[in-house]
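For reference, the structure discussed in these notes is given below.
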Amino acid sequence: MESGKNEATRHPSPPRPRARSGSREQIENGTKGSTIVIKVGTSTIIHEGTQNIALSNLAALVETAHTLQAAGHKVVLVSSGAVGVGCKRMAMKQRPSTLSGKQAVAAIGQGRLMRTYDDLFSNFEQPIAQVLLTRGDLNDRSRFQNAQNTFLELLRLGVVPIVNENDTVAVEELRFGDNDTLSALVATIVDADWLFLLTDIDRLYTSNPRTDPNAQPIDIVEDISTLTADTKGSGSQWGTGGMATKLTAARIATAAGVHTGILLGTEPRKVLDMLAGKNVGTIFVAKKPTKAMKTNRRWLLSLNPSGKLIVDDGAVHALTQLHKSLFAAGIREVEGDFECQSCIAICDLMGREVARGLINYACAEVQQLKGKQSNEMNMILGYDGVKEVIHRSNIVIL
């Protein structure tokens, strides 16, 4: 990383560097009576060697959730591990390679995993609820709102929802792909203040610390779009995630106004330490949510883009800094095959997604319109179309 060009602060040892003016205060003022989503990965739940459930890790997680509840916070857990538990039950030495095989072992493992959670939470007389989701549940706006209403009622009742992807019924195109992304979307649904991603490494580094002795820790990231860190590598044998998926989750969550932390999964009590302002992991500072983000645009973050638009620097500036609509003149390239009102990823010239939104034209029409001025559109289309390819009211900035 070049000094002065990356707003992700890094150093070899504590203390944590100060964030830009206002950021630390912004975080500390949002920790009382918060809604908190904690995602725990398969590498924390399952012993990779024995495939047994890591009861000590789960017990510490449950105790942490209880402590948060007792302090007046609302807690949602997003838990991986069903496939790993199912594989252990069926004495499998590796994850199934077929979708139907994964669905079968997930069905076997999910019940056993929830029973373990229920036994542990029962020690604190804490009720829990199982919530299984697919991307299809969130792609449809009415189903999104139904899921949101269910979560909010569970939290009002003092219940801890435990969320996982509904692997048994999810087809490939309706899968979240990993529970990091799912946890970020759950955080947007419940209007969370914090998302904690518990993993097998204590924080984000400039490169993989297991293979690079010069890797430096990154303690606080104020603008994830400027982050340059090597995130190569996948998850554990029994999981699907990795650091790259956690950065994707952080981008989604911070765009929705949710602070995001990466912490060591075997020490879940560090969630309490991070809330207290201690240097125990990496914090991604949330963007200040707009009024529109707090209402209708939050749903857009849950959608899986059907295509991609590559736009020029002027369009990126207009979208991200001036909060303008996207016009045809700024579009350089069109990718995918999509219909009108599909969710589209908007990317800069380097291919980085900067926003997404609901498009007003089908793919074939956008191919004709790209790079053209607004006063040329009606002649090209053969009818009186709207000038905005994507209206600002239907755009969310990432």
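For this structure, a couple of remarks:
- The stretch 67-203 - percent of accessible surface contributed by carbon and sulfur, probe 1.4 Å: 47
- The residues of the stretch 313-398 expose, per residue, 51 Å² of accessible area to a 1.4 Å probe.
- The Cβ shell under 15 Å around residue 64 holds other residues with a net charge of +2, Lys and Arg each +1, Asp and Glu each -1.
- Global form of the stretch 35-118, assessed from the alpha-carbon gyration tensor, a/c cut-off 1.5: prolate
- Selection among 346, 282, 325 by position relative to the dipole of the stretch 246-398 gives 282 as farthest towards the positive end (Cβ unit charges, Cα centre).
- Local electrostatic count, residue 249, Cβ distance below 10 Å [Lys/Arg +1, Asp/Glu -1]: +1
- Averaged over residues, the count of other Cβ atoms within 10 Å places the peptides 300-310, 108-118 in the sequence 300-310, 108-118, highest first.
- Accessible area in square angstrom per residue, the stretch 57-116, 1.4 angstrom probe: 41
- Only the Cβ atoms of Lys and Arg (+1) and of Asp and Glu (-1) were treated as charged; on that basis the dipole of the stretch 284-398 about its Cα centre amounts to roughly 760 debye.
- Reachable aspartates and glutamates, given that their alpha-carbon falls under 12 Å from the alpha-carbon of residue 93 and they are not under 8 places away in the same chain: 48
The values are calculated or read from the model by the stated rules, or taken from the named source; none is laboratory data. Because the structure is a prediction, the values reported are computed rather than measured. Quick reminder, even Gly has a Cβ in these numbers, built from the backbone with ideal geometry, and neighbours come from all protein chains shown. Only protein heavy atoms, including side chains, enter the accessible area calculation; ligands, DNA and RNA are left aside. Shrake-Rupley method; radii C 1.70, N 1.55, O 1.52, S 1.80 Å.
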